[in-house]
Structures are given as C-alpha cells and as structure tokens.
There are 2 protein chains.
Amino acid sequence: MTSVQQPVQPSVTTGPISGSSKIYTEYDGLKVPSRRVNLTNGEHFDLYDTSGPYTDENAEIDVQKGLPPLRADWVAGRPRLTQLAHARAGTITEEMRYIAAREGFDPEFVRAEVARGRAVIPVNHNHPESEPMIIGKKFLVKVNANIGNSAVTSSIAEEVEKLVWATRWGADTVMDLSTGKNIHETREWILRNSPVPIGTVPLYQALEKVNGDPAQLSWEVYRDTVIEQCEQGVDYMTVHAGVLLRYVPLTAQRITGIVSRGGSIMAAWCLAHHQESFLYTHFAELCEILREYDVTFSLGDGLRPGCIADANDAAQFAELRTLGELTKIAWEHDVQVMIEGPGHVPMHKIAENVRLEEELCGEAPFYTLGPLATDVAPAYDHITSAIGAAQIGWLGTAMLCYVTPKEHLGLPDRDDVKTGVITYKIAAHAADLAKGHPNAQAWDDALSRARFEFRWEDQFNLSLDPDTARSYHDETLPVEAAKTAHFCSMCGPKFCSMRITADIRKYAEERGLTSTEAIEAGFQEMSETFVANKSQVYLPVVQ
Amino acid sequence: MTSVQQPVQPSVTTGPISGSSKIYTEYDGLKVPSRRVNLTNGEHFDLYDTSGPYTDENAEIDVQKGLPPLRADWVAGRPRLTQLAHARAGTITEEMRYIAAREGFDPEFVRAEVARGRAVIPVNHNHPESEPMIIGKKFLVKVNANIGNSAVTSSIAEEVEKLVWATRWGADTVMDLSTGKNIHETREWILRNSPVPIGTVPLYQALEKVNGDPAQLSWEVYRDTVIEQCEQGVDYMTVHAGVLLRYVPLTAQRITGIVSRGGSIMAAWCLAHHQESFLYTHFAELCEILREYDVTFSLGDGLRPGCIADANDAAQFAELRTLGELTKIAWEHDVQVMIEGPGHVPMHKIAENVRLEEELCGEAPFYTLGPLATDVAPAYDHITSAIGAAQIGWLGTAMLCYVTPKEHLGLPDRDDVKTGVITYKIAAHAADLAKGHPNAQAWDDALSRARFEFRWEDQFNLSLDPDTARSYHDETLPVEAAKTAHFCSMCGPKFCSMRITADIRKYAEERGLTSTEAIEAGFQEMSETFVANKSQVYLPVVQ
C-alpha cells in the first residue's frame, strides 16, 4: 500500500469514449461540456457528460497538479454564502446557470428549486475543480459511486483511478469511504482530481482517531474531523444524527438488525453513554460549520433495513421522522440537505418510502441505496438493486447510490465499479423516461433509429458502453461487413424482421399518407409493390 | 455443425448445485422434486426445482435414451383430453396434484384456475418426460429461456447442453427457436431430454420448407409443420394469428416498425396476398389439431413495440384485441391459451399492458419478453429488461421470457444463458415477494438470517448462484477462516455493523422483552452490559 513516505504516481484512464468526442458549448461566458456522438449519417447526438477533462483529448492531465480550478474565480468574486442562501436572496449563481445549460432548464427554475430546498448543488468553496451539478426530483436522476480503500485492501493510486473510471462511465458524484490508512492523503488526491462532487462519512475517520472504539468518540473529535474535511473541499457529508437512543431497541426483533456502519457506531455510542448522540445534541453547531464552506448534509439512514423482512419498520420510520426535524434546522442555517434512504425493500413497499420522505422532510432530495428488491441473489445485487432503484427514481428519488456485484461479498475492483455505474445509469435513465424528463427519450429514439437503419457503429457509439456492445456483436459476426449488413444478428442473415417495415414506411412516406389513408389507398397496389420488391426481403449472407 | 449423418454425442452438465442435494417428497403416490439446501446450523431449506434428474446424483443420465417418461402411465390411464377439458369436467389430474404439491396450493385451487383459463399446464401427451408445472398469475412467476441454433452458428450438442444448463439455473420452460439446419432433429434431442415444457414457433420451420419466402407460405405447409411438431411432443406453440392485414400500415410511422420475426413474416404474407393470414382464417382448424395433443397456444404479439417510442401504440393494442377474440375461440375448443406481450415499454406504460391484456383476453396468462425499460444499453439488456420484467410480473404477468446480454447484438452462449436465467429468476422472485406469494419471503429470510449470523457457506448455498457468490467472496478474503469470521467483507475485520445488534437482541430475548418494554426496563443496565462486553465489538483479524 502507498504510504505517506512514497510519492504516489497514479496513472488514470484518459481519452474520449470510443465513437465520442468532448465538446464545450458556450452559454454567456460559461463553457459547458458534453459527450458528442458523431453519427455515420452526418448527424450528431450530445449526451450529458460527467467525465471532466479526462475524456478531452486536448486536455493536459497531471494528477500531481490536479484539475484546473474551474470555479475559483466565481467563488472569489462573491460573498461566501451557500447556494441555498444565494437562491433565497434571489441570486442566480454561475453554478445555477451552468446547471441550467447542462440540463436544459431555465436558470430561474434552478434557483427556485434550490431556494425551496427541493434540489441541492453540492459545491464546497474549497473544491473549485468540480463541474457544477444538481440533485433534485425535477432534474435528471443522478448516480453516486462509492470508492475508498479499506483495512483489507487497495491503494491510493487504485482509488484515484477508480474515481476517474467511475466518472468516465457516468458517476455524477463519488463517495470516498476509505477506512484504512492514509484516509486524509487518499481524500486529498481524490478531491484535487475530481470533476464531480465528493461525499464522505466523517465518522469513519473520527473512529480511526479513537482506535476504532465507538465509546471513545466525542463531539470534539468529530467536530475537528469535520472541519479538517471541510477545509480539504468535501462537498457533502453523511451524518447519522437521526439515530436516537430510544430507537435502538426497535431494531432488536429485526432479522438483520443494524446494517449501516455509521448507524451501528452511533448506536454503540448511545448504549455506552446512555444518552443521545453528540451528532444530535450538537447539530446546530454542525450546521454553523457546514455553512461556512457550503457543505451539503446527507442525513444518513443509520437504521435502514438490511433485508426484505425489516423494510419499512418502526425503527426505520422513527429515524426518518427525526431526519425531518433536522432538515428544518439545517434549512434555518441556510445549509443544503439530502436525505438518505434504503436499502432492502420489496417492490410493493417502495412507494411508501418516497411518500413519507417527502412528507416528513419537506421534499429535500431523497438519496437511496438501491433498494434491493430481494435478498436471494448475492453476486447479482447490482441487478436486484437496479430493479428497486429504477422504481424509486421514477417515484421521485433524486440520486441513486450504486451497488456493485461484490455487495455483501467483497470490495469492488475496477470492473465492478464500471458494472455498478453502467447498471445504475440504466436505472436512472429508465426513471427519467418514466418521469417524462423533457430530454430523456431523444436518446432512446436516436439509438433505436440507428438500430432500425442498421447503422451498427452508431448503435454501439450511442450506447452507455460502446466497447462492450461492439465486442458482443463481433463475437457472433466478426466480419467487418456485418457492421453494415442489413440484418440483425439475432435472426441471422437470411431474413430480418425489420426489413419489411422499410417497404411499408417507404410506401406511406412517398405518398405522405397517414396509416388510415394508407388503408384507404388500397392494399392492392401496396401488395403489388411488395411482390415486385420481394428481393428486398432477402439479404446477402456475409460469412 | 452436426448433420443427420453424424450421430450426436452431447455431454451435459450433471450433479447437484453446490451445497444442495436433490430430494423427492412423496405426495400420495407422486414423487415431487426439490433442491434441498442443508444448512450448517442443522436446519435445511427446500427450493422449487426445475432441473430434472440431471441434478440428482443417483440418476443415470443417457442423452441417447432420453429422460424416463414420468407421465406416460398417467396419460395412458385416462381419456386423452386437454388439462382444460379435464378441469372443466371437475377432474383433478395427476399433473394438477403434482403442481399443487410443488407450489404449496390445494389441488382443487389448481383445477379451478385452469378451468377458468387463468392458468395453463403445458403438457403435450407426447412429451411424457416433462415434470408438470403451471403458468398463471396466482402461482409463482415463471421464467422461459430461449435456445436454438441458427443459420449463423451452434450445433445440436450445444443446444442440448444449453437446455440442461438453463433448467439447472431455474428455467421453467424452454423455447427452441432453431432456424438453421436439422430443425426437426435438434427438437427431437431437446424434447427427449427436457424435464420442462418445450415451446416453439412452427412458422420458422414452415418458412424453411418454402426456402425462406414468406409469400410462398400456405395453410397446408403450416398445418403439416404443426402436426409434425405436435407428434414430437412440443408443449406450447407461438402463433402470430393476430397480425391482420389492416394492422400492418399502423406500423408505418413507428421508429422500429415490426421487430417480431413471426410478425414480419405474416405481415409479408398479408401484403403479398392482400388477404388475412391463414393463421387467422384457419384458426378453428388449428384449435382442433392442438386439442388432440393438448398443446397450449402462446398467441404471439407480432406487432409488439421494438423501442420505447413505439410502446402501447395503435398497432400493438389492435393486435391484442384480436388475440382476445382468438382466446375465446380456443377456449371453446378446450385448448389452453397464453398471451405474449412486449417488448420495449417505459415503466410508466407497463401497467396499461397488463390491464388491457386481462380485460381483452379474459385473464389468460400473460407471457412477456422483458419489457426493456430503456433502449440505450445494448450489452446490458438482461438488466434493462429485468427492471421491466419485475414490475410487469408484480402486476400479474405469469411468465417472463428472459433476455440475455447478447440481445440485439448476437446469439447467447452458455454463459449468457446462465446470466439471462439468473437475472430473470431475480425479477420473478422480486415479483413473487411484491405479489405476496405465501411461500416467497421465507427464502429471503433464510438467506438474511445466514448473513446476519455470519454463516457464510449457508449464505452462498441459499443464493441463486452459489458458485459465483463464493468466488466473489474469496477474491477479497480467500482465507478459509474468513468464511466463519464474524465480519462482513464490505467493512473489513476491524468493525462490523451487524455485531452490535447481537448485544441488543440478546438483551431483549433473554428477558422476552418487546422493544417498548426494553425501553421501560431502562437503558442504564443495558449500557453497562454493553460496556462490559465491549470486547465483542472487536473482531479477530484473519489476514
């Protein structure tokens, strides 16, 4: 493992995603990035891009130096208020304009959503390298990826590459959950090289400072840790302030008890001291600190269910009610707030989670871990949780914390991180479609047109993972010609279901007919046309 | 590729799934199989088992001979009626009793559901090797796996192994979609060695008989093909009789037109002949044939949407209405019926599909392909479709046709088949949980208890895929001791969130306290106990 003595030389993945190029669009003074897919038909399609300068072939990347401080001048040029304070004062910040351009909304709409607390913009004044993004139910559903070394394994260099790798595939924020050695140094490397907001759980580092004994934790140790992380530039922090002494026994009859690490640490502290936690009793002071840096609260669900049987129980909802009270206190201090949610929840109990969160927490953005819709598939929990994540996203959850195939079993490697991110981008986009986000379906339509017109390269390049799509196609039909062939690999070259439609559509379009008119126009002609063009139904075998 | 001249010597996967053993339970004269997981705490948990004799270590497998004809005597000992006719006559067949035992329902309930057409039992008199199973909304959600060689690739031996492999991991039925050479011979090998019902699309073989020219198809060629397949023992057949001439132009404005192979073949025929298809005009004769063998109709959705934009459109629902009319005709002939559904549907449009199918088709079992909840992730369509499949299963769909990672790109290999089946078992079980199937949650609870009690081997063995779960765990913590260690690999050995609950639970259980009483009892004692046992929070590092 890299230690403080040995200088780190992380090598990170750079260069555009295959078939795409990085472009920047000018919106009065702001340069907003997109992933542009250049299509073989001369058109192009632009996608929301989280990858930062790493996918810009003209960018000079030096991880020793870190990324350029995009936001430094903005922050320097105005009073050091939180985005919430600015929004309440009627100010539209550069971050809000950047986000408006990025998501295709009016800047005033962005300000209004932040002002009412229904959206957050996690931007610590001391993390100027980040590209502004927003988390709120009215916007694109976002995805968080967890990284971080642990006592068990992994080095700083690996974590920096995981950060770059996760944002390359679409992670909107990254949480550094490091628990091993060099927590401070690892976080420094991650922050200076991150184009997305970074979240942490300060309790983990505080616990290290007291040698892993929850009973020895104190407000002073915790406070100093929070200030240390605020100074470094952490954008949002998970705080398990809703775990109250009287809630702990409510977990006694559960099948899996307390599964949140932070929640169990605080429960242990409460039991050892027989009093409410310092996170709860000092919450107002905590607000003062976070406000100074514009760090966003992510109020942790320390009592979230760890299995299907424990979902939506008294312990979980008691804590949620307390998180609602804390949300109002944070808002009184102009501090932005998100609310964390489960976990493990069967499909028929998912809606209740969103309804209660919105009712109790004033629609503060909901940020859930999955939820997993069943417990029976360890090694496939990216899928069991994507099923729940897509639904809870549709119902209004603003950000989805990814789950990798290693959940419950081990620590994710680089491949697991990619699988987790892609799986969650699927869940988030499926939710955007179901919510009717104005820009969501254009992407599906562009890819489906490419599919129908047998523009194979465009189909690959428009997908979430062009490399894997191309390699799967080539396994069956490696021939280059197959990529321009007018048939789908599923049916084989002899006959393809999609071809027939070309004839029907051609017929209708040539005559500008609606479907009904086409019927009136008489099928006799149409069928003659078809028989005449019958040869079109046959396709060349490329083998 | 294996030809008729060379004898086939397929080798198939045999032996129990790791950590499980095959057991047979006697229910007045019937031996019903289960997958028994023997737990390290002395208990055991039995799971529904689709794998047939292949996972029975005592079974003698000879693919040349085929499986023993389990149902031969039952069929010989009674009038050759369909299960629907028997059910309507008030007869409870051996198949119904077998299914009742398998799913934990009363035999009379099974009969009643079949009698009203809300469930089907696909059992061709000539496929006595199959173990009876039922498809209906009141029962466990079932999963179908598609196999079959094509003009592009794969041999008979590969397909027989794919059959055994798919049922090993939980496929409830298998469709043989072979389109290349040796269709008849491939199907014969599959049928004689299949413990699950086999479905086909007779149109594919009929098309081969007319050299791939849809216009040359005729009722006579099709009828003879259907009879040939009925004689072999095919249990259910996809028939695209709902594709009417006047519906074809309704697809003209679609982005992806007609994506069903059978649908496009029939559309081509309708256009070429300018008349309604022989499937529609000869439907009553077709019913007469299927009734003779008790072959179940799977009325195909030839005009299903092939992309998000085309979901729930006029063409799709026009065909569904016609399938409803055909359902009633089939029922008049005592023929069992399922209805096929899409396809590509965004989450907010899924419910309408189930509602309309139940209304128009009298609750005949719905059998859907996914649906995919987005088009943007080729290479991950097992996941995009599992999101839709879990929801549509919850809403009442009786069987889910799997989608593999190769969908839209190529033909699935053995690994893709396993991934597709496991992914769909997840979607089906998530749906069973949400529907509140009486036996569903016990499985999640058993695995979650194993997880909470750190019974790692039990956690692996209770999962859908023990091999992968174990290998992922060993990547991070290969040490054998780690499998008995009291910590979760995610957190590392130093501190584990689940341990704290043991203390709380122990405290409550010892005193038989409810949570509230525990509070009354006073936390002072509890916290003292906790401090005294503090060492329990620390765990030995096994590294």
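Got a sec? What order do A:Glu129, B:Glu158 fall in by accessible area at 1.4 Å, biggest, i.e. largest, first?
Sorted descending by solvent-accessible area, the residues read B:Glu158, A:Glu129.
What is the spin-label model distance, in nm, from A:Glu292 to B:Asp224 if the labels are put 7 Å beyond Cα along the C-beta direction?
With each label placed 7 Å out from Cα toward Cβ, I get 9.0 nm.
To the nearest whole number, what is the average tally of beta carbon atoms from other chains within 10 Å of the beta carbons of peptide A:34-44?
The mean count of partner-chain Cβ atoms within 10 Å per residue comes to 0.
When you count, for each residue, the other Cβ atoms within 10 Å and take the mean per peptide, how do A:82-94, B:409-421 rank with the highest first?
Ranking, from highest mean packing down: B:409-421, A:82-94.
Once the other residues with Cβ under 10 Å from the Cβ of A:Gly362 are scored (Lys, Arg +1; Asp, Glu -1), what is the net sum?
Net local charge, A:Gly362 excluded: -1.
What FRET efficiency would be calculated for the residue pair B:Glu475, B:Lys328, taking the C-beta separation as r and a Förster radius of 60 Å, to the nearest 0.05?
0.60
Taking 56 Å as R0, compute the FRET efficiency from the Cβ-Cβ separation of A:Arg355 and A:Arg78 and round it to 0.05.
Given R0 = 56 Å and the Cβ-Cβ separation, E is 0.90.
Need one number: buried accessible surface between chains A and B, 1.4 Å probe, both sides summed, DNA, RNA and ligands left out, in Å² to 100.
For A against B, buried area totals roughly 10600 Å².
Given the whole protein assembly as supplied and a 1.4 Å probe, what does the accessible area of B:Trp443 come to in Å², nearest 10?
40
More than 34 Å apart: what percent of Cα pairs in chain B qualify?
For chain B, the share of Cα pairs beyond 34 Å comes to 42 percent.
Quick one: if you stick a label point 7 Å off each Cα along the C-beta vector at B:Val12 and B:Ala89, how many nm between them?
Computed distance between label sites B:Val12 and B:Ala89 equals 3.2 nm.
Got the relative contact order for chain B handy, in percent, Cα pairs under 8 Å and 6 or more residues apart?
In percent, rounded to a whole number, it is 13.
Order the peptides A:279-285, B:71-77, B:140-146 from the highest to the lowest mean number of other Cβ atoms within 10 Å of their residues.
In decreasing order of mean packing, A:279-285, B:71-77, B:140-146 become B:140-146, A:279-285, B:71-77.
Shielding by partners for B:269-278, please: the mean number of other protein chain Cβ atoms within 10 Å of each residue's Cβ.
Other-chain Cβ atoms within 10 Å of each residue's Cβ, averaged: 4.
Would you please classify the overall shape of the range A:16-103 from the alpha carbon gyration tensor, given that a ≥ b ≥ c denote the square roots of the eigenvalues, rounded means a/c under 1.5, and beyond that prolate means a/b larger than b/c while oblate covers the rest?
Oblate is the answer for the range A:16-103, as a/c is 1.5 or above yet b/c matches or exceeds a/b.
Let a ≥ b ≥ c be the square roots of the eigenvalues of the Cα gyration tensor of the range A:347-439; is it rounded (a/c under 1.5), or, if not, prolate (a/b larger than b/c) or oblate?
prolate
How many partner chain Cβ atoms sit within 10 Å of a residue's Cβ in peptide B:204-216, on average, as a whole number?
So the per-residue partner count for this stretch is 2.
In deg cm²/dmol, rounded to 500, what helix-only [θ] at 222 nm does the protein assembly as shown give when every DSSP H run of at least 4 residues adds -39500 (n - 2.57) and the total is split over its residues?
-12500 deg cm²/dmol, from helical runs alone.
Show me the ranking of peptides A:430-441, A:362-373, A:249-260 by mean Cβ neighbours inside 10 Å, starting with the highest.
In decreasing order of mean packing, A:430-441, A:362-373, A:249-260 become A:362-373, A:249-260, A:430-441.
Quick one: how many Å² of B:Tyr27 are accessible to a 1.4 Å probe, rounded to 10?
Using a 1.4 Å probe on the heavy atoms, I get roughly 90 Å².
Nearest 10 degrees, 0 to 90: what angle lies between the long axis of helix B:440-452 and the longest principal axis of chain B (Cα atoms)?
Roughly 30 degrees, rounded to the nearest 10.
Give me the percent relative contact order of the range A:297-377, please, defined on Cα pairs under 8 angstrom at least 6 residues apart.
That works out to 37 percent.
In vacuo Debye scattering of the range B:54-167, one point per C-alpha: log10 I(q)/I(0) at q = 0.10, 0.13, 0.23 Å⁻¹?
-0.38, -0.62, -1.29
In degrees between 0 and 90, to the nearest 10, how far off the longest principal axis of chain A does helix A:183-192 point, with axes built from Cα atoms?
Its long axis makes an angle of about 40 degrees.
According to a simple spin-label model (label point 7 Å from Cα along Cα-to-Cβ), what is the distance in nm between B:Asn211 and A:Glu276?
Result: 8.6 nm between the two label points.
Sequence-distant or interchain residues sharing an amide H contact under 5 Å with A:Thr238, placed H: which?
So A:Thr238 has HN proximity to A:Thr200, A:Val201, A:Ser298.
The values are calculated or read from the model by the stated rules, or taken from the named source; none is laboratory data. Fair warning: this is a prediction, and the values are worked out from it, not measured in the lab. With ideal geometry, Cβ positions are generated from the backbone for all residues, glycine too; neighbour counts draw on all protein chains shown. Remember, those area values only see protein heavy atoms, side chains included, never the ligands or the DNA or RNA. Shrake-Rupley method; radii C 1.70, N 1.55, O 1.52, S 1.80 Å.
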